[in-house]
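A short write-up of the structure that comes next.
The values are calculated or read from the model by the stated rules, or taken from the named source; none is laboratory data. The shown structure was predicted, so the numbers you read here are calculated from the model rather than taken from an experiment. Quick reminder, even Gly has a Cβ in these numbers, built from the backbone with ideal geometry, and neighbours come from all protein chains shown.
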Amino acid sequence: MNGFSEEVLLNYGEKLDEQGKDSLNRIRKASQTMSQLIDDILKLSRITRADIHFDKVNISGLVNTIGSEIKIAHPERQVIFVIQPEIEAYGDSNLLNIALTNLIENSWKFTIKNSQARIEFGVTREDGKPVYFVKDNGVGFDMKYADKLFQPFRRLHTDREFPGTGIGLATVQRIIQRHGGRIWAESEPGKGTTLFFNLGGE
Ligand SMILES: Nc1ncnc2c1ncn2[C@@H]1O[C@H](COP(=O)(O)OP(=O)(O)O)[C@@H](O)[C@H]1O
Ligand SMILES: [Mg+2]
């Protein structure tokens with residue numbers, strides 16, 4: 001769909017008026033969104049079935065790498081990462097990497113309007129057990145809708161303002177649940193968001 005629309009634009013663009021070109025561009029945009037959605041759903045279903053291998057994981061190291069890569073991919077943005085060092089967890093490093101990537105990408109995205117964006121990763125304790133968190137000072141959301149957060153395709157912000165397919169947090173929740181853990185959020189509009197999770201085995 002995308003390829004043929006592009007071909008029409010390239011080869012017949014001169015014969016089309018602005019409205020025609022605009023319609024074709026909309027078709028292209030919609031087909032790209034659909035393709036992204038299908039990719040994301042495939043990833044989600046793979047995660048549900050993937051084998052899980054428990055090991056000691058250096059999650060501070062994972063978060064450091066994710067942070068460096070996202071900074072390299074978007075050099076135009078100035079975002080401060082504060083990562084508590086030497087945090088280890090017991091889990092599947094591959095799956096935890098996917099979960100943390102999704103959380104950090106969200107924090108990255110929802111701090112875009114902030115000139116002094118800050119993303120923090122750390123661990124606290126609750127009932128003696130570790131609770132990991134990813135915290136940002138982005139746009140936040142109204143806690144009234146917090147129960148929608150982890151449902152596939154549910155989004156609390158518009159695609160126009162913050163693009164996305166709404167599969168990320170559903171994926172993260174599935175990963176955490178496969179570890180026997182729980183994930184929850186705290187947020188306030190205009191102040192920022194923190195995603196907390198624990199891993200059942202710890
Ligand atoms: N760090 C965050 N700050 C503000 N809102 C968030 C944050 N993380 C998630 N959300 C809200 O939860 C929704 C679902 O997140 P997600 O499943 O990752 O979807 P997507 O990133 O495609 O929008 C987002 O659309 C957004 O409304
Ligand atoms: Mg996301």
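Residue-wise test of (1) out of contact with any helix residue (DSSP H, G or I) (no Cβ under 9 Å at 6 or more places or on another chain); (2) outside any loop (DSSP other than H, G, I, E, B); (3) within 16 Å of ligand 2 (Cβ to nearest atom); (4) at positive phi.
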position: 100; (1), (2), (3), (4): no, yes, yes, no
position: 107; (1), (2), (3), (4): yes, yes, yes, no
position: 112; (1), (2), (3), (4): yes, no, yes, no
position: 115; (1), (2), (3), (4): yes, no, no, no
position: 123; (1), (2), (3), (4): no, yes, no, no
position: 130; (1), (2), (3), (4): yes, yes, no, no
position: 147; (1), (2), (3), (4): yes, yes, no, no
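Going by what's in this entry, would residue 159 be described as within 9 Å of ligand 1 (Cβ to nearest atom) and either surrounded by 16 or more Cβ atoms within 10 Å (Cβ to Cβ) or modelled with pLDDT under 95 (or both)? When the stated conditions are applied, residue 159 passes them.
When you look at residue 59, is it more than 16 Å from ligand 2 (Cβ to nearest atom), among the β-branched types (Val, Ile, Thr), over 16 Å from residue 132 (Cα atoms) and in contact (Cβ under 8 Å) with a residue 40 or more places away in the chain, yes or no? In short, no.
Okay, residues lined up against (1) out of contact with any Phe, Trp or Tyr (no Cβ under 8 Å at 6 or more places or on another chain); (2) more than 11 Å from ligand 1 (Cβ to nearest atom):
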residue	(1), (2)
125	yes, yes
176	no, yes
185	no, no
190	yes, no
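Which residue, of 61, 13, is of a type in the set (Gly, Ala, Ser) and closer than 23 Å to residue 174 by Cα? Just one listed residue meets the conditions, 61.
The set of residues from segment 27-61 being in contact with a helix residue (DSSP H, G or I) (Cβ under 9 Å, 6 or more places away or on another chain), among the β-branched types (Val, Ile, Thr) and surrounded by fewer than 16 Cβ atoms within 10 Å (Cβ to Cβ) comprises 48, 52.
Hey, does segment 24-42 have a residue that's basic (Lys, Arg), within 24 Å of the chain's Cα centre (by Cα), part of a helix (DSSP H, G or I) and closer than 19 Å to residue 172 by Cβ? Checked segment 24-42: no residue is basic (Lys, Arg), within 24 Å of the chain's Cα centre (by Cα), part of a helix (DSSP H, G or I) and closer than 19 Å to residue 172 by Cβ.
Filtering segment 149-198 to residues that are away from ligand 2 (no atom under 12 Å from the Cβ), basic (Lys, Arg) and assigned to a loop (DSSP other than H, G, I, E, B) leaves 160, 182, 191. Of all the residues in segment 142-154, those that are aliphatic (A, V, I, L, M) and buried (at least 19 other Cβ atoms within 10 Å of the Cβ) number 1. Of the residues 131, 139, only one is modelled with pLDDT of 95 or more, buried (at least 18 other Cβ atoms within 10 Å of the Cβ), near ligand 1 (Cβ under 10 Å from one of its atoms) and over 14 Å from residue 104 (Cα atoms); which? Among 131, 139, only 139 is modelled with pLDDT of 95 or more, buried (at least 18 other Cβ atoms within 10 Å of the Cβ), near ligand 1 (Cβ under 10 Å from one of its atoms) and over 14 Å from residue 104 (Cα atoms).
Taking the numbered list (1) within 16 Å of ligand 1 (Cβ to nearest atom); (2) surrounded by 16 or more Cβ atoms within 10 Å (Cβ to Cβ) in turn, residue 24 passes all entries but (1). The residue list 66, 59, 47 contains one member that is closer than 30 Å to residue 85 by Cα, touching a Lys or Arg at 6+ places or on another chain (Cβ under 7 Å) and among the aliphatic types (A, V, I, L, M), which is 47. For residue 86, the requirement of being within 16 Å of residue 202 (Cβ to Cβ) and surrounded by fewer than 17 Cβ atoms within 10 Å (Cβ to Cβ) is met.
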